[in-house]
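Colleague: Can you keep this structure in mind? I'll have questions shortly.
The numbers here are math on the coordinates, done by the rules we state, and not lab data. Keep in mind it's a predicted model, so treat the numbers as computed, not measured. All Cβ positions, glycine included, derive from the backbone under ideal geometry; neighbour counts span all protein chains shown.
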Amino acid sequence: MRVTCPFCNGEFEVPTSSQRKGDGAHYADRILKLSPMHIKIIDAMRHLNATSEDRATPKRAIGGMLANMGYKVSGNVISGRLSELLGLGKVVMLRKRIQLYDRDRQTYRFKRTPVWYLESQRVLDETPSALHTES
């Protein structure tokens, strides 16, 4: 996008992202290897059986499972890693619940609580478990 400086009237190009909200981390294509936290989150989703749309689970449940597995992780860390996994195509995010926004116009909005599930069995097959590492 071309912009003009209000002070010097100089024109220059500003890079913009064409990626929409909910498409995952914009830098995911630069992630070469899954981090230990990525693997722990996939493990938590594995234990929650979040492998299909009807078994999708909210971030809070993933955080609870991580805590049960002995990992103390903030919600912001989980959100960041889920966004990266979404950008990598390892997980899918849905906003399943809707609420009536305007009764007169009959317009609806998604509720803010997204739910997550693993993209396919391939993700489980390709991702080593953090719990059962081979020596």
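Colleague: If you rank GLU126, GLU119 by fewest surrounding Cβ atoms within 10 Å, what's the result?
Modeller: Working: GLU126 11, GLU119 15.
Least crowded to most crowded, the residues run GLU126, GLU119.
Colleague: Would you list LYS33, LYS90, LYS72 from fewest to most Cβ contacts within 10 Å?
Modeller: On the way: LYS33 5, LYS90 23, LYS72 8.
So the residues, fewest neighbours to most, are LYS33, LYS72, LYS90.
Colleague: Calculate how large, on average over all directions, the projected area of the Cα convex hull of the range 14-89 is; give the answer in nm² to one decimal. Kindly include the intermediate steps, with their values, before the conclusion.
Modeller: On the way: hull surface 23.3 nm².
The directionally averaged projection comes out at 5.8 nm².
Colleague: So how do LEU34, LEU85 line up by other beta-carbon neighbours within 10 Å, fewest first?
Modeller: Working: LEU34 19, LEU85 27.
Ordered from fewest to most neighbouring Cβ atoms within 10 Å, LEU34, LEU85 come out as LEU34, LEU85.
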